[in-house]
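What follows is a set of notes on a single structure, which appears directly below.
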Amino acid sequence: MFSKARLESGSSGGTCDEYGFVVPEQHVQKYREHSQKMANRRQEIRDQWTVLLKEIKEQGLQIDASITSRSEAIEAFGAKTRSCRKLVRGPVIQGIPPEMRPTLWPLLCGVEKARAARGEQVYPSLLQRCEGKERNRELELDLDRTFPGHPLLDRESAHGDLGIASLHRVLNSYALHNPQVGYCQVDAQVPVCRIGHGDTRK
């Protein structure tokens, strides 16, 4: 997840918003004023999600404890995702606090069920293929053109090389996993959001 230090300024020295995008100089003051006004509201939302997340985790532990086979795991994890989606249907409109997204996004997307059905080794095996002969060179040409100036993807910034490497792993792996779609330049926008909130290997 982006830290305050990482988002303080872009590679060009400009002020960045909470997602790492540079705020135009003429809007910096208004952005800071708006952020200050929203601080209390964000804390209220964070407090609500803290209670919800505790309930979700407690339900998850109960479900996990009942699993004894792979077929039960697939069914149980599917039930966990459905229960979570139902529970957060209202609050999610207000947004999920950034620090909780690495936990909630995979749960809402049904990642555990997919892992139980397909096995834990799908992504690691794709990564091995990416590092070999199936490394997508066309994709590499587009990486530097994805959100230029963003500190996570700018080679001139402290974390740019790591961010670009993470993005390459995700996009190349997906292209191998779904060859009918393959790689499209627009695909990069979705994983960039995920890369900013945690380890893509998870």
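The values are calculated or read from the model by the stated rules, or taken from the named source; none is laboratory data. No experiment lies behind these values; they were computed from the predicted model shown. Using ideal geometry, Cβ is built from the backbone for each residue, glycine included, and neighbour counts are taken over all protein chains shown. Heavy atoms of the whole protein, side chains included, go into the accessibility calculation; ligands, DNA and RNA do not. Shrake-Rupley method; radii C 1.70, N 1.55, O 1.52, S 1.80 Å.
Quick notes on this structure:
- Selection within region 80-101 - over 11 Å from Ile56 (Cβ atoms), free of Cβ contacts under 8 Å to residues at least 40 places away in the same chain and open to solvent by less than 80 Å² (accessible area, probe 1.4 Å): Gly90, Val92
- Candidate set: region 48-73, residues that are open to solvent by less than 50 Å² (accessible area, probe 1.4 Å) and at pLDDT 80 or above; chosen: the one farthest from Ala116 (Cα to Cα): Trp49
- Selection from region 74-106 of residues that are closer than 30 Å to Asn40 by Cβ, at pLDDT 85 or above and polar (S, T, N, Q): Thr103
- Residue that is farthest from Leu87 (Cα to Cα), among those in region 102-133 that are open to solvent by 80 Å² or more (accessible area, probe 1.4 Å) and of a type in the set (Asp, Glu): Glu131
- Going through (1) touching a residue at least 40 places away in the same chain (Cβ under 8 Å); (2) surrounded by fewer than 17 Cβ atoms within 10 Å (Cβ to Cβ); (3) under 20 Å from the mean Cα position of the chain (by Cα); (4) under 20 Å from Val186 (Cα atoms) one by one, Asp144 falls short only on (1).
- In the condition set (1) in a helix (DSSP H, G or I); (2) in contact with a strand residue (DSSP E or B) (Cβ under 6 Å, 6 or more places away or on another chain), Asp187 is compliant with all but (2).
- Residue count for region 166-200, restricted to those that are of a type outside the set (Asp, Glu) and either more than 18 Å from Gln128 (Cα to Cα) or surrounded by fewer than 12 Cβ atoms within 10 Å (Cβ to Cβ) (or both): 18
- Within the option set Val28, Val92, Val51, being assigned to a helix (DSSP H, G or I), in contact with a strand residue (DSSP E or B) (Cβ under 6 Å, 6 or more places away or on another chain) and of a type outside the set (D, E, K, R) holds for one residue only, Val28.
- Residue in region 3-22 that is of a type in the set (Val, Ile, Thr), open to solvent by less than 90 Å² (accessible area, probe 1.4 Å), in contact with a Lys or Arg (Cβ under 6 Å, 6 or more places away or on another chain) and modelled with pLDDT under 85 present: no
- Screening the candidates Ser66, Ser35 for the property of being farther than 25 Å from Met100 by Cα and either in contact with a Phe, Trp or Tyr (Cβ under 9 Å, 6 or more places away or on another chain) or of a type in the set (Gly, Ala, Ser) (or both) yields one hit, Ser66.
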